[in-house]
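Derivation of every value follows stated rules applied to the coordinates shown; laboratory data play no part. Every value quoted in this text rests on a predicted model; they were computed, and no experiment measured them. Here Cβ is always computed from backbone atoms with ideal geometry, including for glycine, and neighbour counts include all displayed protein chains.
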Amino acid sequence: MFKNFFNKKDKSITQNNRTMTFEEIISSDKPVLLDFFATWCGPCQMMGPILQQVKEELGDEVKILKVDIDKYQDLAARYQVKGVPTFAIFKNGELLWKESGARPKEQLVDQIKKYI
């Protein structure tokens, strides 16, 4: 489904026995929804089941990745994450949308569908 894919050391994930960098991930031709979160954040914890529902509805049309801002402070700074949760949609390496605050499933699905 989705999980914390990033390797703290090199900001990469392994997919199909191949290591992908953060830049390769966000360069997908499908939308990539990043959830910048913190383990201590109550609203962030509420978003887990909602993100699962989004993934169930959209399936392979979207990639959903969670980014712990305490572990990846450089990514949070790079994308000017000021509060959590913050959601960002990337496609072809371009940041297309970013907003902070918990969101209902329908709003996230509608936002992602704009870029499918």
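Please report the relative contact order for the range 13-99, taking Cα pairs under 8 Å with a sequence separation of at least 6, and give it as a percent rounded to a whole number.
Relative contact order here is 42 percent.
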Item to check | Förster radius 25 Å - calculated FRET efficiency between Glu57 and Lys98 (Cβ-Cβ, nearest 0.05) | outcome: 0.75
Item to check | Computed lengthening from Lys30 to Lys71, 0.36 nm per intervening residue step minus Cα-Cα distance | outcome: 12.2 nm
Checklist entry - Which links in Lys66/Lys91; Lys71/Lys113; Lys30/Lys98; Lys55/Lys98; Lys71/Lys105 stretch past 22 Å when you go from one Cα to the other? => result Lys71/Lys113; Lys71/Lys105
Checklist outcome for this item: The local net charge around Pro104, scoring Lys/Arg +1 and Asp/Glu -1 for residues other than Pro104 whose Cβ lies under 13 Å from its Cβ, equals -2
